[in-house]
Structures are given as C-alpha cells and as structure tokens.
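The values are calculated or read from the model by the stated rules, or taken from the named source; none is laboratory data. Since the model is a prediction, treat every value here as computed from it, not as a measurement. Reconstructed Cβ throughout: ideal geometry from the backbone, glycine too, with neighbour counts over all protein chains shown.
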C-alpha cells in the first residue's frame, strides 16, 4: 500500500463543498462501505451469500473511482458489468499492477449471478475463503480514490477503520476490521490523526 503524503489544504467548509459537488460519488461510497461490511459479516460466519454483497460493494467502489476521475460518467450506465468496470479502472491505474485481480473480478461477476439459482452464468465454486483476496482489492481501490485526504480519511472505509481504534461499537466498523489482514493499521491511524489535528486547527 502506498503512503499518501499529499499536503493537507482544505478546511471544513471546503470539504463540505467537495462533498456537495461529488454528492453521487459520496453516496455510492457510503453504500459500498455498508455492503462491504455486510459481506464480511456474512463470510466470516461462513455464509456464502456474502459473496453477492462483495460483488455489489466492489462494483460500487469501482464506480466511485470512475466518477471521481470522469465527472460526465453516469454510474447507472454500466449496469452490472463488473469486469468492464474493472478494465476501465485499470486504464486509469496504468501500470498493470491490478492485472492480478482479473480472476477475482471474473469470479465475483459469477458470484453475483447466484442471486437466482436458474442463472446460466452462476459460479460453480464459491468459498468464504475468498474474503482475503476481496479485502486486498477493496483496500487497493479505496487507497487510490482520487479525493483529498481531508475527505478520504473522514468517509467510507477509512473513517470506519479509524473509529474502530477508538472503541467504536458501530457494526460497520467492527465488520470491516474483523480479521482484515489487508489493513495497514499504523498508516491509516497515523494519517487519520494528521487529518483530524489539521482540521481541528482550522476551526
């Protein structure tokens, strides 16, 4: 995971303005985060339908990524073509480093089809053990979202990770962090504290 050393510049009003301008992306980020937590809750308890929520969450995280890059993008235009979304995001990444997730994304598309037992493209094999690979992909996407750290570390997955270290009892925070080996906790805590102190000084 690459550490983000970008300079902190935005005050609270500018953060709110960013959120207003990117309202659809922020709403998708919130829902993706909730679905990701739901998927982990199910999978950690051995319930395979969690993979359906995983597919939905990854799809929405990818759409957030694209919305932040392309203001003209309409998320509903992509329907549920997860791999096409992923290929588009990989173009933005540009270095081939995400090719290793191709197999996972294709499987997630098949897992999503398992919503209905008579779908012909349903996955033949589904395992709760896929959670760790899913975690890795989600954290890659989240850390590379094109938004200021003042927003990124106060929304979605990252704020839930930080709140969990302060004793948060919210289910979303609990299930995002439970046995999640892809979280670089020290890095996230360190940057979250920097953002928190910076914004407190801006008041």
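Annotations for the structure displayed:
- Of the helices (runs of 4 or more DSSP H) lying entirely inside region 55-163, those containing at least 3 residues that are surrounded by fewer than 19 Cβ atoms within 10 Å (Cβ to Cβ) span 82-93, 102-113, 131-143.
- Filter result for residue 51 (at pLDDT below 95 and crowded, with 16+ Cβ neighbours inside 10 Å): no
- Put simply, of 17, 7, 35, 13 the only residue that is out of contact with any strand residue (DSSP E or B) (no Cβ under 9 Å at 6 or more places or on another chain), more than 21 Å from residue 139 (Cβ to Cβ) and modelled with pLDDT of 95 or more is 17.
- Of the residues examined, residue 32 is one that is part of a helix (DSSP H, G or I) and under 22 Å from residue 92 (Cβ atoms).
- Number of the condition not met by residue 182 [criteria: (1) touching a residue at least 40 places away in the same chain (Cβ under 8 Å); (2) more than 15 Å from the chain's Cα centre (by Cα); (3) within 28 Å of residue 102 (Cα to Cα)]: (2)
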